[in-house]
Amino acid sequence: MEEKKTKKKVDMVTVISVILVTTIICLFNSWLYYNKRIENIKKNNEVKSRVLKTTIEQLNKKNQDLQLTLDKLNADVQKALEENQ
């Protein structure tokens, strides 16, 4: 009778140990997988951010050039109006 109880206890300990080890391995694998994905997402976001900053800088420069051209045109129109009067 005692043999069966001892065997049963060992089986339960073994089962619980296997479940714990399997859980730990699964959690570790998940952590590695998602950590790698998060790093990839961060790298992609950094690249996109740099591209957007470059685009903003280009648009600001273009805007300044257009503003200078408009100011020059307005000055020429004012000059022409003053000459006509």
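Each value in this text was obtained by applying a stated rule to the coordinates, not by laboratory testing. Treat the numbers as computed from the prediction; the structure is a model and nothing was measured. Glycine also receives a Cβ, built like all others from the backbone with ideal geometry; neighbour counts cover every protein chain displayed.
Have a look at the stretch 43-84 and give its Rg and Dmax from the Cα atoms, expressed in angstrom.
18.2, 61
Using 0.36 nm per residue of separation minus the Cα-Cα distance, give me the extension gain between Val18 and Ile38 in nm, one decimal.
4.2 nm
Could you give the size of the charge dipole of the chain about its Cα centre, using +1 on the Cβ of each K and R and -1 on the Cβ of each D and E, expressed in debye and rounded to the nearest 20?
With Lys and Arg at +1 and Asp and Glu at -1, about 960 debye.
Against the longest principal axis of the chain, how steep is helix 2-84, in degrees 0 to 90 to the nearest 10, with axes from Cα atoms?
0
Which value does Rg/Rh take for the chain over its C-alpha atoms, Rh per Kirkwood?
1.80
Would you mind telling me which residue in Leu73, Leu59, Leu32 has the biggest mean-square fluctuation in a Gaussian network model of the chain, where springs connect alpha carbons within a distance under 10 angstrom?
Between Leu73, Leu59, Leu32, it is Leu73 that shows the largest mean-square fluctuation.
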